[in-house]
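The values are calculated or read from the model by the stated rules, or taken from the named source; none is laboratory data. Keep in mind that this is a model prediction, so the values were computed, not measured. Note: ideal-geometry Cβ built from the backbone for every residue, glycine included; neighbour counts use all protein chains shown.
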(Lines give C-alpha, C1' and ligand atoms only; values in the text may rest on other atoms or scores of the structure.)
Protein backbone atom coordinates (compact mmCIF):
# COMPACT_ATOMS: atom_id res chain seq x y z
CA UNK A 1 0.00 0.00 0.00
CA UNK A 2 1.23 3.46 -0.83
CA UNK A 3 -0.11 5.19 2.22
CA UNK A 4 0.06 3.04 5.32
CA UNK A 5 -0.78 5.95 7.60
CA UNK A 6 -4.10 6.51 5.87
CA UNK A 7 -5.01 2.82 6.12
CA UNK A 8 -4.10 2.84 9.80
CA UNK A 9 -6.21 5.91 10.42
CA UNK A 10 -9.23 4.42 8.68
CA UNK A 11 -8.82 1.16 10.62
CA UNK A 12 -8.37 3.09 13.85
CA UNK A 13 -11.50 5.16 13.31
CA UNK A 14 -13.60 2.12 12.36
CA UNK A 15 -12.38 0.19 15.41
CA UNK A 16 -12.98 3.16 17.66
CA UNK A 17 -16.53 3.48 16.40
CA UNK A 18 -17.05 -0.26 16.97
CA UNK A 19 -15.62 -0.17 20.49
CA UNK A 20 -17.18 3.05 21.76
CA UNK A 21 -20.44 2.56 19.88
CA UNK A 22 -20.72 -1.00 21.14
CA UNK A 23 -19.98 0.13 24.67
CA UNK A 24 -22.53 2.92 24.43
CA UNK A 25 -25.19 0.55 23.15
CA UNK A 26 -24.47 -1.91 25.99
CA UNK A 27 -25.37 0.84 28.44
CA UNK A 28 -28.20 2.24 26.36
CA UNK A 29 -30.06 -0.84 25.12
CA UNK A 30 -32.95 -1.78 27.38
CA UNK A 31 -33.05 -5.33 26.10
CA UNK A 32 -30.54 -7.22 28.21
CA UNK A 33 -29.92 -9.86 25.57
CA UNK A 34 -29.18 -7.23 22.95
CA UNK A 35 -26.89 -5.55 25.46
CA UNK A 36 -24.82 -8.74 25.63
CA UNK A 37 -24.64 -8.79 21.84
CA UNK A 38 -23.48 -5.18 21.73
CA UNK A 39 -20.79 -6.16 24.21
CA UNK A 40 -19.58 -8.57 21.53
CA UNK A 41 -19.23 -5.71 19.06
CA UNK A 42 -17.32 -3.68 21.63
CA UNK A 43 -14.94 -6.54 22.43
CA UNK A 44 -14.42 -7.21 18.74
CA UNK A 45 -13.23 -3.63 18.36
CA UNK A 46 -10.77 -4.14 21.20
CA UNK A 47 -9.47 -7.30 19.51
CA UNK A 48 -8.96 -5.23 16.37
CA UNK A 49 -6.92 -2.73 18.37
CA UNK A 50 -4.67 -5.55 19.56
CA UNK A 51 -4.08 -6.58 15.95
CA UNK A 52 -3.17 -2.99 15.07
CA UNK A 53 -0.73 -2.93 17.99
CA UNK A 54 1.10 -5.97 16.53
CA UNK A 55 -0.17 -8.24 19.31
CA UNK A 56 -2.01 -11.00 17.42
CA UNK A 57 -1.75 -13.35 20.39
CA UNK A 58 -3.68 -10.97 22.62
CA UNK A 59 -6.22 -10.44 19.85
CA UNK A 60 -6.83 -14.17 19.53
CA UNK A 61 -7.06 -14.51 23.31
CA UNK A 62 -9.48 -11.58 23.41
CA UNK A 63 -11.74 -13.33 20.90
CA UNK A 64 -11.37 -16.74 22.55
CA UNK A 65 -11.80 -15.75 26.18
CA UNK A 66 -13.97 -12.64 26.13
CA UNK A 67 -16.14 -13.24 23.09
CA UNK A 68 -16.15 -17.02 23.09
CA UNK A 69 -16.41 -17.68 26.80
CA UNK A 70 -17.42 -14.68 28.90
CA UNK A 71 -20.12 -13.31 26.62
CA UNK A 72 -21.47 -16.82 26.11
CA UNK A 73 -21.58 -17.15 29.89
CA UNK A 74 -23.43 -13.82 30.21
CA UNK A 75 -25.91 -14.85 27.53
CA UNK A 76 -26.49 -18.19 29.24
CA UNK A 77 -27.04 -16.41 32.56
CA UNK A 78 -29.61 -14.13 30.89
CA UNK A 79 -31.32 -17.08 29.27
CA UNK A 80 -31.46 -18.99 32.54
CA UNK A 81 -33.06 -16.08 34.37
CA UNK A 82 -36.68 -16.73 33.59
CA UNK A 83 -37.87 -13.37 34.85
CA UNK A 84 -35.69 -11.59 32.35
CA UNK A 85 -36.74 -13.95 29.62
CA UNK A 86 -40.35 -12.97 30.19
CA UNK A 87 -39.91 -9.24 30.26
CA UNK A 88 -37.38 -8.29 27.70
CA UNK A 89 -37.01 -4.75 28.93
CA UNK A 90 -34.62 -4.03 31.76
CA UNK A 91 -34.44 -0.79 33.67
CA UNK A 92 -31.66 0.43 35.89
CA UNK A 93 -32.20 3.11 38.53
CA UNK A 94 -28.52 3.40 39.31
CA UNK A 95 -27.46 5.05 36.08
CA UNK A 96 -26.57 8.46 37.63
CA UNK A 97 -24.10 6.76 39.97
CA UNK A 98 -22.73 4.73 37.09
CA UNK A 99 -22.34 7.85 34.99
CA UNK A 100 -20.50 9.65 37.78
CA UNK A 101 -18.21 6.69 38.41
CA UNK A 102 -17.29 6.28 34.75
CA UNK A 103 -16.67 10.02 34.44
CA UNK A 104 -14.30 9.86 37.42
CA UNK A 105 -12.55 6.82 36.01
CA UNK A 106 -12.16 8.56 32.66
CA UNK A 107 -10.73 11.68 34.27
CA UNK A 108 -8.28 9.66 36.40
CA UNK A 109 -7.00 7.70 33.40
CA UNK A 110 -6.75 10.83 31.27
CA UNK A 111 -4.87 12.60 34.07
CA UNK A 112 -2.41 9.74 34.49
CA UNK A 113 -1.82 9.53 30.75
CA UNK A 114 -1.26 13.26 30.53
CA UNK A 115 1.25 13.06 33.39
CA UNK A 116 3.06 10.08 31.95
CA UNK A 117 3.12 11.27 28.35
CA UNK A 118 6.83 11.99 28.58
CA UNK A 119 7.86 8.89 30.50
CA UNK A 120 9.35 5.79 28.96
CA UNK A 121 6.09 3.91 29.52
CA UNK A 122 4.45 5.52 26.56
CA UNK A 123 7.23 5.89 24.02
CA UNK A 124 6.06 4.63 20.71
CA UNK A 125 8.11 1.97 19.03
CA UNK A 126 7.85 1.31 15.34
CA UNK A 127 6.58 -2.15 14.44
CA UNK A 128 9.94 -2.91 12.85
CA UNK A 129 11.68 -2.50 16.20
CA UNK A 130 9.52 -5.10 17.91
CA UNK A 131 10.88 -8.64 18.25
CA UNK A 132 10.11 -10.63 15.14
CA UNK A 133 7.93 -13.21 16.84
CA UNK A 134 6.09 -11.49 19.67
CA UNK A 135 4.42 -14.76 20.64
CA UNK A 136 7.75 -16.42 21.38
CA UNK A 137 9.03 -13.51 23.47
CA UNK A 138 5.71 -13.35 25.33
CA UNK A 139 5.85 -17.06 26.10
CA UNK A 140 9.46 -16.84 27.24
CA UNK A 141 8.77 -13.87 29.50
CA UNK A 142 5.98 -15.81 31.19
CA UNK A 143 8.26 -18.66 32.25
CA UNK A 144 11.40 -16.61 32.92
CA UNK A 145 12.12 -16.34 36.64
CA UNK A 146 13.54 -12.86 36.12
CA UNK A 147 10.44 -11.61 34.40
CA UNK A 148 6.82 -12.58 34.93
CA UNK A 149 6.92 -16.13 36.24
CA UNK A 150 5.84 -15.27 39.78
CA UNK A 151 2.81 -13.13 38.82
CA UNK A 152 1.86 -15.72 36.22
CA UNK A 153 1.95 -18.56 38.76
CA UNK A 154 0.11 -16.44 41.32
CA UNK A 155 -2.62 -15.70 38.80
CA UNK A 156 -3.00 -19.39 38.00
CA UNK A 157 -3.16 -20.21 41.72
CA UNK A 158 -5.85 -17.57 42.15
CA UNK A 159 -7.86 -19.02 39.28
CA UNK A 160 -7.53 -22.55 40.65
CA UNK A 161 -8.74 -21.31 44.03
CA UNK A 162 -11.70 -19.59 42.41
CA UNK A 163 -12.55 -22.74 40.49
CA UNK A 164 -12.43 -24.94 43.59
CA UNK A 165 -14.54 -22.38 45.41
CA UNK A 166 -17.13 -22.44 42.63
CA UNK A 167 -17.29 -26.23 42.78
CA UNK A 168 -17.71 -26.16 46.57
CA UNK A 169 -20.52 -23.59 46.33
CA UNK A 170 -22.31 -25.37 43.50
CA UNK A 171 -22.09 -28.79 45.13
CA UNK A 172 -25.36 -30.16 46.43
CA UNK A 173 -25.08 -32.44 49.42
CA UNK B 1 -0.77 -12.30 -10.17
CA UNK B 2 0.16 -8.83 -8.93
CA UNK B 3 3.00 -8.60 -11.44
CA UNK B 4 0.71 -9.70 -14.26
CA UNK B 5 -1.93 -7.10 -13.38
CA UNK B 6 0.61 -4.28 -13.09
CA UNK B 7 2.02 -5.47 -16.40
CA UNK B 8 -1.43 -4.90 -17.90
CA UNK B 9 -1.15 -1.25 -16.86
CA UNK B 10 -3.05 -1.48 -13.55
CA UNK B 11 -2.37 0.72 -10.59
CA UNK B 12 -0.18 -1.19 -8.11
CA UNK B 13 -2.51 -0.62 -5.12
CA UNK B 14 -5.51 -1.72 -7.13
CA UNK B 15 -3.67 -4.80 -8.40
CA UNK B 16 -2.70 -5.77 -4.83
CA UNK B 17 -6.26 -5.26 -3.69
CA UNK B 18 -7.76 -7.32 -6.52
CA UNK B 19 -5.24 -10.12 -6.00
CA UNK B 20 -5.97 -10.23 -2.27
CA UNK B 21 -9.72 -10.13 -2.92
CA UNK B 22 -9.50 -13.01 -5.38
CA UNK B 23 -7.48 -15.01 -2.84
CA UNK B 24 -10.11 -14.37 -0.19
CA UNK B 25 -12.90 -15.42 -2.54
CA UNK B 26 -11.10 -18.60 -3.59
CA UNK B 27 -10.28 -19.63 -0.01
CA UNK B 28 -13.71 -18.87 1.38
CA UNK B 29 -15.71 -20.36 -1.46
CA UNK B 30 -13.63 -23.52 -1.63
CA UNK B 31 -15.35 -25.00 1.41
CA UNK B 32 -18.77 -23.89 0.19
CA UNK B 33 -18.28 -25.50 -3.22
CA UNK B 34 -16.76 -28.59 -1.69
CA UNK B 35 -19.82 -29.34 0.42
CA UNK B 36 -21.97 -29.63 -2.70
CA UNK B 37 -19.87 -32.64 -3.53
CA UNK B 38 -19.44 -33.85 0.03
CA UNK B 39 -23.18 -33.93 0.74
CA UNK B 40 -23.63 -36.15 -2.30
CA UNK B 41 -20.71 -38.34 -1.18
CA UNK B 42 -22.10 -38.62 2.32
CA UNK B 43 -25.54 -39.64 1.08
CA UNK B 44 -24.05 -42.22 -1.26
CA UNK B 45 -21.86 -43.73 1.46
CA UNK B 46 -24.71 -43.68 3.98
CA UNK B 47 -26.84 -45.43 1.39
CA UNK B 48 -24.25 -48.15 0.85
CA UNK B 49 -23.82 -48.71 4.59
CA UNK B 50 -27.57 -48.97 5.09
CA UNK B 51 -27.96 -51.27 2.08
CA UNK B 52 -29.64 -48.64 -0.08
CA UNK B 53 -28.52 -47.10 -3.37
CA UNK B 54 -28.65 -43.46 -2.36
CA UNK B 55 -29.49 -40.62 -4.74
CA UNK B 56 -29.36 -41.83 -8.35
CA UNK B 57 -32.02 -39.96 -10.30
CA UNK B 58 -30.64 -36.46 -10.75
CA UNK B 59 -27.75 -36.51 -13.19
CA UNK B 60 -25.11 -39.22 -13.55
CA UNK B 61 -24.89 -41.21 -10.30
CA UNK B 62 -27.23 -38.65 -8.76
CA UNK B 63 -24.46 -36.07 -8.76
CA UNK B 64 -26.87 -33.16 -9.17
CA UNK B 65 -29.05 -34.16 -6.23
CA UNK B 66 -27.52 -31.45 -4.06
CA UNK B 67 -28.34 -28.77 -6.64
CA UNK B 68 -31.94 -29.92 -6.58
CA UNK B 69 -31.88 -29.69 -2.79
CA UNK B 70 -30.45 -26.18 -2.89
CA UNK B 71 -33.12 -25.16 -5.38
CA UNK B 72 -35.78 -26.56 -3.08
CA UNK B 73 -34.40 -24.71 -0.08
CA UNK B 74 -34.21 -21.46 -2.02
CA UNK B 75 -37.84 -21.47 -3.17
CA UNK B 76 -39.26 -22.52 0.20
CA UNK B 77 -41.23 -20.01 2.20
CA UNK B 78 -39.10 -18.04 4.60
CA UNK B 79 -40.91 -18.10 7.93
CA UNK B 80 -40.11 -15.89 10.88
CA UNK B 81 -41.92 -17.08 14.00
CA UNK B 82 -44.12 -14.72 15.96
CA UNK B 83 -42.32 -13.01 18.82
CA UNK B 84 -38.94 -13.77 17.33
CA UNK B 85 -36.11 -11.33 17.67
CA UNK B 86 -35.91 -10.65 13.94
CA UNK B 87 -32.42 -9.23 13.63
CA UNK B 88 -30.79 -11.86 15.82
CA UNK B 89 -32.90 -14.55 14.18
CA UNK B 90 -31.61 -13.57 10.75
CA UNK B 91 -27.98 -13.10 11.68
CA UNK B 92 -27.53 -16.43 13.50
CA UNK B 93 -27.35 -18.66 10.37
CA UNK B 94 -24.90 -16.25 8.75
CA UNK B 95 -22.70 -16.28 11.82
CA UNK B 96 -22.64 -20.07 11.92
CA UNK B 97 -21.36 -20.27 8.32
CA UNK B 98 -18.88 -17.44 8.82
CA UNK B 99 -17.44 -19.12 11.92
CA UNK B 100 -16.54 -22.19 9.87
CA UNK B 101 -15.37 -20.43 6.71
CA UNK B 102 -13.04 -18.20 8.74
CA UNK B 103 -11.12 -21.31 9.83
CA UNK B 104 -10.14 -21.96 6.23
CA UNK B 105 -8.07 -18.79 6.08
CA UNK B 106 -5.25 -20.38 8.10
CA UNK B 107 -5.28 -23.82 6.48
CA UNK B 108 -2.02 -24.42 4.59
CA UNK B 109 -3.10 -25.99 1.30
CA UNK B 110 0.44 -26.60 0.07
CA UNK B 111 3.97 -25.30 0.53
CA UNK B 112 3.13 -22.13 -1.42
CA UNK B 113 -0.62 -21.72 -0.92
CA UNK B 114 -1.93 -20.59 2.42
CA UNK B 115 -4.58 -17.97 3.02
CA UNK B 116 -2.88 -16.20 5.91
CA UNK B 117 0.08 -17.76 7.68
CA UNK B 118 -0.67 -16.23 11.09
CA UNK B 119 1.89 -16.91 13.79
CA UNK B 120 -1.03 -17.65 16.11
CA UNK B 121 -2.85 -19.87 13.58
CA UNK B 122 -3.68 -22.70 15.99
CA UNK B 123 -5.07 -20.25 18.51
CA UNK B 124 -6.93 -18.38 15.78
CA UNK B 125 -9.00 -21.31 14.65
CA UNK B 126 -10.05 -22.23 18.18
CA UNK B 127 -11.02 -18.59 18.68
CA UNK B 128 -13.17 -18.23 15.58
CA UNK B 129 -14.60 -21.68 16.21
CA UNK B 130 -16.24 -20.28 19.34
CA UNK B 131 -18.42 -18.07 17.13
CA UNK B 132 -20.23 -21.25 16.15
CA UNK B 133 -21.37 -21.73 19.74
CA UNK B 134 -22.58 -18.16 19.79
CA UNK B 135 -24.54 -18.63 16.56
CA UNK B 136 -26.36 -21.61 18.02
CA UNK B 137 -27.18 -19.75 21.23
CA UNK B 138 -28.52 -16.81 19.24
CA UNK B 139 -30.60 -19.08 17.03
CA UNK B 140 -32.07 -20.89 20.02
CA UNK B 141 -32.90 -17.72 21.89
CA UNK B 142 -34.27 -15.63 19.06
CA UNK B 143 -36.63 -18.32 17.77
CA UNK B 144 -38.95 -17.79 20.74
CA UNK B 145 -39.50 -21.52 21.06
CA UNK B 146 -38.93 -23.70 24.12
CA UNK B 147 -37.56 -26.62 22.15
CA UNK B 148 -35.11 -24.36 20.37
CA UNK B 149 -33.98 -22.85 23.66
CA UNK B 150 -33.53 -26.23 25.31
CA UNK B 151 -31.63 -27.47 22.28
CA UNK B 152 -29.40 -24.42 22.36
CA UNK B 153 -28.62 -24.94 26.05
CA UNK B 154 -27.66 -28.48 25.48
CA UNK B 155 -25.49 -27.68 22.50
CA UNK B 156 -23.72 -24.90 24.34
CA UNK B 157 -22.96 -27.19 27.25
CA UNK B 158 -21.60 -29.75 24.80
CA UNK B 159 -19.53 -27.33 22.75
CA UNK B 160 -18.00 -25.52 25.72
CA UNK B 161 -17.10 -28.78 27.44
CA UNK B 162 -15.51 -30.39 24.43
CA UNK B 163 -13.53 -27.27 23.65
CA UNK B 164 -11.34 -28.06 26.69
CA UNK B 165 -9.85 -31.38 25.52
CA UNK B 166 -9.70 -30.06 21.95
CA UNK B 167 -7.57 -27.07 22.90
CA UNK B 168 -5.40 -29.24 25.16
CA UNK B 169 -4.75 -31.66 22.31
CA UNK B 170 -3.98 -28.85 19.85
CA UNK B 171 -1.28 -27.84 22.31
CA UNK B 172 0.58 -31.08 21.61
CA UNK B 173 1.46 -30.46 17.93
CA UNK B 174 2.18 -26.84 18.87
CA UNK B 175 4.65 -28.07 21.49
CA UNK B 176 6.27 -30.51 19.09
CA UNK B 177 6.59 -28.02 16.23
CA UNK B 178 7.55 -25.15 18.49
CA UNK B 179 5.22 -22.79 16.65
CA UNK B 180 1.53 -21.93 16.48
CA UNK B 181 1.61 -21.16 12.77
CA UNK B 182 -0.24 -23.86 10.84
CA UNK B 183 2.27 -23.74 8.00
CA UNK B 184 5.09 -24.00 10.55
CA UNK B 185 3.47 -27.06 12.11
CA UNK B 186 3.39 -28.77 8.70
CA UNK B 187 6.93 -27.71 7.83
CA UNK B 188 8.33 -29.09 11.09
CA UNK B 189 6.39 -32.31 10.80
CA UNK B 190 8.90 -34.58 9.07
CA UNK B 191 7.36 -37.61 10.76
CA UNK B 192 3.58 -37.53 11.08
CA UNK B 193 2.71 -36.50 14.60
CA UNK B 194 0.06 -39.19 14.77
CA UNK B 195 2.92 -41.69 15.03
CA UNK B 196 4.46 -39.83 17.96
CA UNK B 197 1.31 -38.80 19.82
CA UNK B 198 -1.59 -41.05 18.79
CA UNK B 199 -3.49 -40.25 22.00
CA UNK B 200 -3.51 -36.53 21.28
CA UNK B 201 -4.63 -37.21 17.72
CA UNK B 202 -7.44 -39.42 18.99
CA UNK B 203 -8.58 -36.85 21.54
CA UNK B 204 -8.51 -34.07 18.96
CA UNK B 205 -10.52 -36.09 16.47
CA UNK B 206 -13.08 -37.20 19.06
CA UNK B 207 -13.62 -33.81 20.62
CA UNK B 208 -13.77 -32.22 17.17
CA UNK B 209 -16.52 -34.66 16.27
CA UNK B 210 -18.39 -33.44 19.33
CA UNK B 211 -17.71 -29.82 18.37
CA UNK B 212 -19.27 -30.43 14.98
CA UNK B 213 -22.15 -32.31 16.50
CA UNK B 214 -21.58 -35.41 14.44
CA UNK B 215 -22.74 -38.82 15.57
CA UNK B 216 -22.27 -40.24 18.20
CA UNK B 217 -22.39 -36.73 19.64
CA UNK B 218 -25.27 -35.48 17.49
CA UNK B 219 -27.41 -34.48 20.47
CA UNK B 220 -27.69 -31.12 18.74
CA UNK B 221 -30.45 -32.56 16.60
CA UNK B 222 -31.82 -35.36 18.73
CA UNK B 223 -35.09 -35.65 16.85
CA UNK B 224 -36.62 -38.02 19.35
CA UNK B 225 -36.05 -35.71 22.31
CA UNK B 226 -35.94 -32.15 21.08
CA UNK B 227 -37.98 -32.33 17.86
CA UNK B 228 -35.06 -30.82 15.96
CA UNK B 229 -33.04 -28.78 18.40
CA UNK B 230 -31.99 -25.18 18.15
CA UNK B 231 -32.87 -24.80 14.47
CA UNK B 232 -36.48 -25.99 14.74
CA UNK B 233 -38.04 -22.70 13.65
CA UNK B 234 -35.80 -22.13 10.69
CA UNK B 235 -37.00 -22.80 7.17
CA UNK B 236 -35.69 -22.51 3.66
CA UNK B 237 -32.16 -21.35 3.06
CA UNK B 238 -31.68 -20.19 6.66
CA UNK B 239 -32.07 -23.80 7.73
CA UNK B 240 -29.87 -24.70 4.79
CA UNK B 241 -27.13 -22.47 6.12
CA UNK B 242 -27.01 -24.29 9.45
CA UNK B 243 -26.92 -27.51 7.51
CA UNK B 244 -24.16 -26.23 5.24
CA UNK B 245 -22.18 -24.95 8.22
CA UNK B 246 -22.34 -28.39 9.82
CA UNK B 247 -21.14 -30.08 6.65
CA UNK B 248 -18.29 -27.66 6.05
CA UNK B 249 -17.29 -27.95 9.69
CA UNK B 250 -17.25 -31.74 9.48
CA UNK B 251 -14.87 -31.57 6.55
CA UNK B 252 -12.87 -28.77 8.15
CA UNK B 253 -12.07 -30.86 11.20
CA UNK B 254 -10.77 -33.57 8.88
CA UNK B 255 -8.53 -31.03 7.16
CA UNK B 256 -7.33 -29.73 10.53
CA UNK B 257 -6.61 -33.24 11.78
CA UNK B 258 -4.69 -33.90 8.57
CA UNK B 259 -2.69 -30.71 9.01
CA UNK B 260 -1.98 -31.12 12.71
CA UNK B 261 -1.33 -34.85 12.91
CA UNK B 262 -1.04 -36.37 9.41
CA UNK B 263 1.58 -34.12 7.88
CA UNK B 264 -0.77 -31.78 5.99
CA UNK B 265 0.39 -31.41 2.40
CA UNK B 266 3.58 -33.39 3.04
CA UNK B 267 4.37 -36.28 0.76
CA UNK B 268 6.84 -37.22 -1.97
CA UNK B 269 7.21 -34.33 -4.40
CA UNK B 270 5.21 -31.80 -2.40
CA UNK B 271 8.25 -29.60 -1.85
CA UNK B 272 8.87 -29.10 -5.59
CA UNK B 273 9.31 -25.56 -6.80
CA UNK B 274 6.38 -23.66 -8.22
CA UNK B 275 2.85 -24.69 -9.01
CA UNK B 276 3.70 -28.37 -9.55
CA UNK B 277 4.70 -28.84 -5.91
CA UNK B 278 1.69 -26.80 -4.89
CA UNK B 279 -0.73 -29.01 -6.78
CA UNK B 280 0.88 -32.22 -5.54
CA UNK B 281 0.79 -30.96 -1.94
CA UNK B 282 -2.83 -29.91 -2.29
CA UNK B 283 -3.61 -33.36 -3.65
CA UNK B 284 -2.00 -35.02 -0.62
CA UNK B 285 -3.90 -32.79 1.78
CA UNK B 286 -7.22 -33.56 0.11
CA UNK B 287 -6.43 -37.26 -0.02
CA UNK B 288 -5.69 -37.36 3.72
CA UNK B 289 -8.74 -35.25 4.53
CA UNK B 290 -11.08 -37.39 2.47
CA UNK B 291 -9.70 -40.54 4.09
CA UNK B 292 -10.45 -39.00 7.50
CA UNK B 293 -13.85 -37.82 6.30
CA UNK B 294 -14.61 -41.39 5.35
CA UNK B 295 -13.90 -42.39 8.96
CA UNK B 296 -16.29 -39.66 10.12
CA UNK B 297 -18.98 -41.03 7.79
CA UNK B 298 -18.39 -44.58 8.98
CA UNK B 299 -18.76 -43.50 12.61
CA UNK B 300 -21.85 -41.47 11.80
CA UNK B 301 -23.63 -44.35 10.17
CA UNK B 302 -22.69 -47.11 12.55
CA UNK B 303 -22.50 -45.71 16.10
CA UNK B 304 -25.68 -44.94 18.05
CA UNK B 305 -26.23 -41.60 19.72
CA UNK B 306 -25.04 -41.26 23.33
CA UNK B 307 -27.10 -39.84 26.17
CA UNK B 308 -26.33 -36.31 27.33
CA UNK B 309 -25.12 -37.42 30.78
CA UNK B 310 -22.92 -40.12 29.24
CA UNK B 311 -21.49 -37.55 26.90
CA UNK B 312 -20.69 -35.11 29.69
CA UNK B 313 -19.18 -37.84 31.87
CA UNK B 314 -17.09 -39.06 28.94
CA UNK B 315 -15.72 -35.59 28.46
CA UNK B 316 -15.05 -34.48 32.01
CA UNK B 317 -14.07 -37.80 33.54
CA UNK B 318 -12.15 -39.30 30.65
CA UNK B 319 -11.05 -36.91 27.90
CA UNK B 320 -10.07 -33.93 30.05
CA UNK B 321 -7.90 -35.81 32.59
CA UNK B 322 -6.30 -37.86 29.83
CA UNK B 323 -5.48 -34.81 27.73
CA UNK B 324 -4.06 -33.00 30.78
CA UNK B 325 -1.73 -35.90 31.54
CA UNK B 326 -0.90 -36.14 27.85
CA UNK B 327 0.14 -32.48 27.63
CA UNK B 328 2.31 -32.86 30.74
CA UNK B 329 4.08 -35.94 29.41
CA UNK B 330 4.64 -34.48 25.95
CA UNK B 331 5.85 -31.19 27.39
CA UNK B 332 8.39 -33.08 29.45
CA UNK B 333 9.63 -35.39 26.69
CA UNK B 334 9.65 -32.80 23.90
CA UNK B 335 11.69 -30.43 26.04
CA UNK B 336 14.91 -29.52 24.17
CA UNK B 337 17.02 -30.80 27.07
CA UNK B 338 15.32 -34.22 27.10
CA UNK B 339 14.58 -35.18 23.48
CA UNK B 340 15.46 -32.10 21.50
CA UNK B 341 15.33 -31.98 17.73
CA UNK B 342 18.37 -30.39 16.11
CA UNK B 343 17.60 -29.90 12.42
CA UNK B 344 20.77 -27.89 11.76
CA UNK B 345 23.08 -30.56 13.22
CA UNK B 346 21.51 -33.32 11.14
CA UNK B 347 21.55 -31.12 8.05
CA UNK B 348 25.30 -30.75 8.51
CA UNK B 349 25.70 -34.47 9.22
CA UNK B 350 23.82 -35.29 6.03
CA UNK B 351 26.24 -33.17 4.01
CA UNK B 352 29.32 -34.72 5.60
CA UNK B 353 28.15 -38.33 5.85
CA UNK B 354 29.72 -41.02 3.68
CA UNK B 355 28.82 -44.54 2.65
CA UNK B 356 25.88 -46.19 4.37
CA UNK B 357 25.08 -43.18 6.57
CA UNK B 358 24.90 -40.96 3.52
CA UNK B 359 22.48 -43.38 1.87
CA UNK B 360 20.26 -43.42 4.98
CA UNK B 361 20.26 -39.63 5.10
CA UNK B 362 19.36 -39.46 1.44
CA UNK B 363 16.50 -41.94 1.65
CA UNK B 364 14.91 -40.65 4.86
CA UNK B 365 16.00 -37.05 4.79
CA UNK B 366 17.77 -35.26 7.63
CA UNK B 367 14.51 -34.01 9.14
CA UNK B 368 13.18 -37.53 9.69
CA UNK B 369 16.45 -38.66 11.31
CA UNK B 370 16.42 -35.61 13.56
CA UNK B 371 12.89 -36.31 14.76
CA UNK B 372 13.30 -40.07 15.09
CA UNK B 373 14.47 -40.30 18.76
CA UNK B 374 11.74 -37.99 19.97
CA UNK B 375 9.08 -39.85 18.01
CA UNK B 376 10.13 -43.21 19.43
CA UNK B 377 10.25 -41.85 22.98
CA UNK B 378 6.84 -40.23 22.65
CA UNK B 379 5.35 -43.35 21.11
CA UNK B 380 6.58 -45.47 24.02
CA UNK B 381 5.22 -42.90 26.48
CA UNK B 382 1.89 -42.93 24.65
CA UNK B 383 1.67 -46.71 24.79
CA UNK B 384 2.45 -46.58 28.52
CA UNK B 385 -0.19 -43.91 29.04
CA UNK B 386 -2.76 -45.87 27.14
CA UNK B 387 -1.94 -48.99 29.15
CA UNK B 388 -2.40 -47.06 32.39
CA UNK B 389 -5.66 -45.55 31.17
CA UNK B 390 -7.08 -48.88 30.16
CA UNK B 391 -6.07 -50.34 33.55
CA UNK B 392 -8.01 -47.59 35.31
CA UNK B 393 -10.95 -48.03 32.94
CA UNK B 394 -10.86 -51.77 33.51
CA UNK B 395 -11.03 -51.38 37.28
CA UNK B 396 -13.82 -48.80 37.01
CA UNK B 397 -15.78 -50.96 34.59
CA UNK B 398 -15.42 -53.92 36.98
CA UNK B 399 -16.98 -51.93 39.83
CA UNK B 400 -19.81 -50.73 37.61
CA UNK B 401 -20.45 -54.21 36.29
CA UNK B 402 -20.68 -55.62 39.81
CA UNK B 403 -23.16 -52.90 40.70
CA UNK B 404 -25.35 -53.80 37.76
CA UNK B 405 -25.09 -57.50 38.57
CA UNK B 406 -26.16 -56.84 42.16
CA UNK B 407 -29.14 -54.92 40.84
CA UNK B 408 -30.09 -57.77 38.56
CA UNK B 409 -29.76 -60.55 41.18
CA UNK B 410 -31.62 -58.74 43.95
CA UNK B 411 -34.27 -56.30 42.75
CA UNK B 412 -33.61 -53.00 44.50
CA UNK B 413 -36.04 -51.44 46.88
CA UNK B 414 -36.57 -47.88 45.80
CA UNK B 415 -34.55 -46.01 48.32
CA UNK B 416 -33.87 -42.35 47.72
CA UNK B 417 -30.25 -43.19 47.19
CA UNK B 418 -31.00 -45.77 44.52
CA UNK B 419 -33.15 -43.27 42.75
CA UNK B 420 -30.39 -40.77 42.75
CA UNK B 421 -28.12 -43.06 40.85
CA UNK B 422 -30.76 -43.97 38.28
CA UNK B 423 -31.92 -40.45 37.59
CA UNK B 424 -28.51 -39.37 36.50
CA UNK B 425 -27.63 -35.68 36.65
CA UNK B 426 -28.97 -35.15 33.15
CA UNK B 427 -28.15 -31.94 31.47
CA UNK B 428 -25.85 -30.66 34.13
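Read through the list (1) surrounded by 10 or more Cβ atoms within 10 Å (Cβ to Cβ); (2) modelled with pLDDT of 80 or more; (3) out of contact with any helix residue (DSSP H, G or I) (no Cβ under 8 Å at 6 or more places or on another chain), then give the number of the only condition that residue A:130 fails.
For residue A:130, the failing item is (2).
So residue B:220 ticks every box in (1) more than 12 Å from chain A (Cβ to nearest Cβ); (2) modelled with pLDDT of 80 or more; (3) in a helix (DSSP H, G or I) but one. Which box is left unticked?
(2)
What number goes with the only condition from (1) over 30 Å from residue B:135 (Cα atoms); (2) surrounded by 12 or more Cβ atoms within 10 Å (Cβ to Cβ); (3) modelled with pLDDT of 80 or more that residue A:146 does not pass?
Of (1) over 30 Å from residue B:135 (Cα atoms); (2) surrounded by 12 or more Cβ atoms within 10 Å (Cβ to Cβ); (3) modelled with pLDDT of 80 or more, only one is false for residue A:146: (2).
Considering only residues that are more than 11 Å from chain A (Cβ to nearest Cβ) and either touching a strand residue (DSSP E or B) at 6+ places or on another chain (Cβ under 8 Å) or buried (at least 22 other Cβ atoms within 10 Å of the Cβ) (or both), which ones fall in the stretch B:112-134?
Within the stretch B:112-134, B:114, B:117 qualify.
Taking the conditions exactly as written (at pLDDT below 85 and surrounded by 10 or more Cβ atoms within 10 Å (Cβ to Cβ)), does residue B:409 satisfy them or not?
no
Which ones in the stretch B:135-150 are more than 9 Å from every other protein chain (Cβ to nearest Cβ), within 16 Å of residue B:219 (Cα to Cα) and within 22 Å of the chain's Cα centre (by Cα)?
Passing the criteria: only B:136.
Of all residues in the stretch A:1-21, which are in contact with a helix residue (DSSP H, G or I) (Cβ under 7 Å, 6 or more places away or on another chain) and either under 18 Å from residue A:69 (Cβ atoms) or within 12 Å of chain B (Cβ to nearest Cβ) (or both)?
Of everything in the stretch A:1-21, those that are in contact with a helix residue (DSSP H, G or I) (Cβ under 7 Å, 6 or more places away or on another chain) and either under 18 Å from residue A:69 (Cβ atoms) or within 12 Å of chain B (Cβ to nearest Cβ) (or both) turn out to be A:1, A:2.
Does residue B:35 fit the bill of being surrounded by fewer than 14 Cβ atoms within 10 Å (Cβ to Cβ), in contact with a helix residue (DSSP H, G or I) (Cβ under 6 Å, 6 or more places away or on another chain) and either more than 14 Å from every other protein chain (Cβ to nearest Cβ) or farther than 22 Å from residue B:257 by Cβ (or both)?
No.
For the stretch B:152-171, does any single residue satisfy the condition of being more than 14 Å from every other protein chain (Cβ to nearest Cβ), modelled with pLDDT of 85 or more and buried (at least 24 other Cβ atoms within 10 Å of the Cβ)?
Scanning the stretch B:152-171, I find at least one residue that is more than 14 Å from every other protein chain (Cβ to nearest Cβ), modelled with pLDDT of 85 or more and buried (at least 24 other Cβ atoms within 10 Å of the Cβ), so the answer is yes.
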